[in-house]
1. Viscosity 1.002 mPa s, temperature 20 °C: Stokes-Einstein D of the range 683-722 from its Kirkwood Cα radius, in µm² per second?
2. Assuming a ≥ b ≥ c are the square roots of the Cα gyration tensor eigenvalues, decide whether the chain counts as rounded (a/c under 1.5), prolate (otherwise, with a/b larger than b/c) or oblate.
3. What whole number of Å gives the distance from the Cα centroid of the range 538-608 to the Cα centroid of the range 392-457?
4. Take every DSSP beta bridge whose two residues both sit in the range 402-745, then give the antiparallel share in percent to the nearest 5.
5. Compute the long axis of helix 344-358 from its Cα atoms, compare it with the longest principal axis of the Cα atoms of the chain, and write down the angle in degrees, 0 to 90, nearest 10.
6. Could you work out how much longer the chain between residue 650 and residue 584 gets when fully extended? Use 0.36 nm per residue separation minus the Cα distance between them, nm to one decimal.
7. Going highest first, how would you order 530-537, 324-331 by mean Cβ packing within 10 Å?
8. Sort 192-198, 211-217 by packing, meaning the average of other beta carbons within 10 Å per residue, with the highest value first.
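What follows draws every value from the coordinates through simple rules; no lab data is involved. The structure displayed is predicted, hence computed values, not measured ones. Here the Cβ is made from the backbone with ideal geometry for all residues, glycine too, and neighbour counts use every protein chain on show.
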Ligand code: MET
Ligand SMILES: [Zn+2]
């Protein structure tokens, strides 16, 4: 019999119960015991949802982050936290406290989940503190769960760590592995023959290639521990180069991602000829579309030909952490669309359906439903729009007309900005009042006139302030936007929004990504009214503000029934039309933000070129209708450009603003060395901090920048948008920025 499994399950709760109790606890409105009560209830409920699954994950639950749980379990606690213990320690590591800064947080592979980064040094002494893990196991046993136990593997744990003293983190591997061995022994002594899913996703990345040498020494040790079965699990990409070593380590099973790991199939013979049990990840754990069960059946039949069915499990490609919980709260979605979707709970049904069909159980009704749903999606007129497709097919203009050198001459003549022109990245503080107003309007509690006036008042104040302090290129402040992707998604055809489609981003934070489900088009102008209103208030240049196609795609759930290239083209054309409308309405500078450009980079080097080419293509298309005299800015909020500077250059924007304040001038040298020709606005102060930078310090910063880049090509601006700051911080900071620039100009 083929069995089923789930790699991991979302923990935040279908009503985000975990989020709310945590936030109550953090603001001292709840006791820690109440947090634990909610946690136990959620676990029970989640186990119950998974009762038909043959192997359910235990220890995928945690209060903040699972890497953090490992930091605590192996006592990898930086010295500054050593006086703390229990929940106080746990949350101080995650969030800092009044006197300690938190551990760093960074993206979990190529997902939008963020984990806590272990902070190690050559003095780190691991020691096992297994309490949480053992409690999880006992709790699951009490609740009679068909369980496997999840751990992050030691190689991935170290690979994702940072050392603060430049020591080699892998010098710590032996010590860490010794503690893992103790832990595994403890788990096996509680439950004989327990299956331990050890996750080593680092081997799905190119970085993992140098680490393969560690697999055999580590996993041979693990496989010799009595009474347990080790399942070596990778996801998000293929990990073909580890199979041989995994087999030779003598462990029990291997987990492969057959959805995102295109080459996993190549290793099938190797696995078949070994004793390994195969956990085939075939149900997409990262997207929200109903699987095509017939196709999955076909695929698994291929596996079945080679692998004895007693050695075959079918399940998710990765943890379901990355998809929303359930469709059951989505009363406002179009019924057709809803019928094509599958969130975590619905994916459980897909897994058991697949398993049952493979095992000859008659579930033809359910299979039929699945076939019909997918069929209707293929032909639906709410998805496929003739006019959009015709336009894409008949495209002839893919980029702007003149070269940067030719354009910039025309622009400087036209725009006449001074040297070291000052500007901002777009958003100004989002006040509570503003948020309430937008919500009230959305809910229909205030009418459009009241709302419009309110937004216009904000814009008026914003413009007035910028004139007062004498900035050169102004913005309207983005008061009408809740989020830089959602705003455009809501204005475009082809996007839908869930009521409850929350996905954990980090800790208690969740996001609700838009669903890009159909051909995309722009029924009406999206920003022209606000921008032209702002321009009407001033003689200075008003900068139009748009989000770029790559960022819109990277922060949405994107349809899987069309190539990414075509989807990106459609989105790019919508942005291109908006640019055209803006410039025809008299707007001379337009910024196309690509905040998430870097986030979309693939895990494997061999896929980078494709990503870069299609991203460049989409960005260039989105700006293709801009007149030579219209100046196109872009903004990217990160600071590692070493590997991607050529790509950035190829995007062919006239001006790029970037985050530099926290990384110093090293970054700018890269622009110099690469011979980057366009204009650059390196952020001269860090907007993530409430601190108000002084004039002197910004003068110094500008001077330092001028040592690397010529003043003719420099813009002066903050690091990023100001929406999370308060007016009390923004006003003096920007005033100082302008003053510092004036000093630097003479
Ligand atoms: C995360 S990048 C943000 C860019 C946007 N224009 C803003 O200022 O908020
Ligand atoms: Zn930014």
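1. Working: Rh = 10.9 Å.
It diffuses with D of about 197 µm²/s by this estimate.
2. Values: a/c = 1.81, a/b = 1.48, b/c = 1.22.
Prolate, since a/c reaches 1.5 and a/b exceeds b/c.
3. After rounding, the separation between the Cα centres reads 13 Å.
4. Details: 6 of 32 bridges.
Roughly 20 percent of the beta bridges in the range 402-745 run antiparallel, per DSSP.
5. That helix lies at roughly 40 degrees to the long axis.
6. Numbers: separation 66, 0.36 × 66 = 23.76 nm, distance 2.60 nm.
The residue 650-residue 584 span can extend by a further 21.2 nm.
7. Working: 530-537: 19.6, 324-331: 18.1.
Answer by packing, highest mean first, reads 530-537, 324-331.
8. On the way: 192-198: 19.4, 211-217: 17.1.
Going by the mean number of other Cβ atoms within 10 Å, highest first, we get 192-198, 211-217.
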